[in-house]
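Comments concern the structure below.
Laboratory data are not the source of any read-out in this text; all were calculated from the coordinates shown. If you're wondering where the values come from, they're calculated on a predicted model, not measured in any experiment. For neighbour counting, all protein chains shown are included, and Cβ atoms are generated from backbone atoms with ideal geometry for every residue, glycine included.
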């Protein structure tokens, strides 16, 4: 058991910033490769004509999930040291809804907007300005809404823990769901492409 | 699309292949750092620093800003996510340049002007800024990273993103289709 490397003191805070930069490069590279520097490509997810957002996102989730599971099973990674953002259910449900609204209105999410800026998209730059403005509004409102932001605190909680199910079983269910989703998404894309070519 | 003067932009990568690459990056982040990917936190650092520069006493009194300003002796911008986002900027440009996709343009559908599109971009960004702070993360930090470690809040959050997007898609269709 010697990973996560940072948690086992293999390198310090200063080096972690270099690591952050390098991981960021790879992250941005694949986001752009996928076409996520384009708001039209991203927003097509919500009109069902191009479901790359779903496909890329769930392939990434499944890949990292299975990889982490096996590395933990092999005794290489201590899963308990991998950070879990605590669950605050209601703020996260409302936050997700606002993000969904913002996604289809703005055309980007925060990470993809950075990629879009790097490839010259002016609308992504303006989106970034909106993002800063929204965070400022949240910051100013924070003293008033603090109670809600910190409500329904469930702590660090995973789906297997919540439903008392084996980790591997939930993992298997997620994989099946993703595969089903991929087949369904491709079928819908084909139907809509046929409709578009007929009209 | 071939242009008269040279080769046009390269086609995008197969989504499953790009997803595999992204998943391996996320896995590497978990293994090396013990944390996932993130983006919105970097924007929060910028906002907190801005407020601190203009009204230091006001920023000192606000717990939210303080969370991004307390970096021990270090500068608030010397934060993990700020460096990650700078990397995303570099990586995105690298991929875009290699594929001839770097172009100064405004992304919009055929039925909307530049002005209204930019207004909507700003509005969407603002909604996301509020949403991401409420949810303690965005598509990267919550949905993607938390999704892979089967985090309860992340999955609830992710389902709501899709629900919100589909619920509103009809009303902004003129922007995209």
Report summary line: Of all C-alpha pairs within the protein assembly as shown, those more than 37 angstrom apart amount in percent to 16
Report summary line: Most fluctuating of B:131, B:38, B:74 in the GNM of chain B (C-alpha, under 10 Å) is B:74
Report task. Could you let me know the centre-to-centre spacing of segment A:90-118 and segment B:100-177, using Cα atoms, in angstrom? Result -> 3
Query - Within a Gaussian network of chain A (alpha carbon springs, distance under 10 Å), most fluctuating of A:11, A:103, A:54 - result: A:11
Report task. May I ask for log10 I(q)/I(0) of chain A at q = 0.15 Å⁻¹, from a Debye sum over the Cα atoms as equal point scatterers with solvent left out? Result -> -1.35
**Report entry** Spin-label pair residue B:53/residue B:66, simplified geometry with 7 Å Cα→Cβ offset, distance in nm
**Finding:** 2.3
Query raised in the report: Where Rh is the Kirkwood radius over the Cα pairs of segment B:107-177, the temperature 37 °C and the viscosity 0.692 mPa s, what D in µm²/s does Stokes-Einstein return?
Result: 245
Report summary line: Computed over chain B: longest principal axis from alpha-carbon atoms vs helix B:40-54 long axis, angle to nearest 10 degrees, is 60
Query - C-alpha center-to-center spacing [segment B:32-51, segment A:1-55] in angstrom - result: 14
Requested in this report: Could you work out the Kirkwood radius for segment A:86-199, taking every pair of different alpha carbons, averaging 1/r and inverting it, reported in Å?
Outcome: 18.0
Report task. Could I have the simple spin-label model distance between residue A:188 and residue A:156, label points 7 Å from Cα toward Cβ, reported in nm to one decimal? Result -> 3.5
**Report entry** Within a Gaussian network of chain A (alpha carbon springs, distance under 10 Å), most fluctuating of A:137, A:170, A:114
**Finding:** A:137
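Between residue B:171 and residue A:13, what FRET efficiency comes out of the Förster formula 1/(1 + (r/R0)^6) with R0 = 41 Å and r the beta carbon distance, rounded to 0.05?
Details: r = 46 Å, r/R0 = 1.12.
Given R0 = 41 Å and the Cβ-Cβ separation, E is 0.35.
Kindly state, as a whole number, the per residue volume in cubic angstrom of the convex hull around the alpha carbon atoms of chain B.
So the per-residue Cα hull volume is 178 Å³.
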Requested in this report: Show that you can apply the helix-only estimate: for the protein assembly as shown, add -39,500 (n - 2.57) for every DSSP H stretch of four or more residues, divide by all residues, and state [θ] at 222 nm to the nearest 500.
Outcome: -22000 deg cm²/dmol
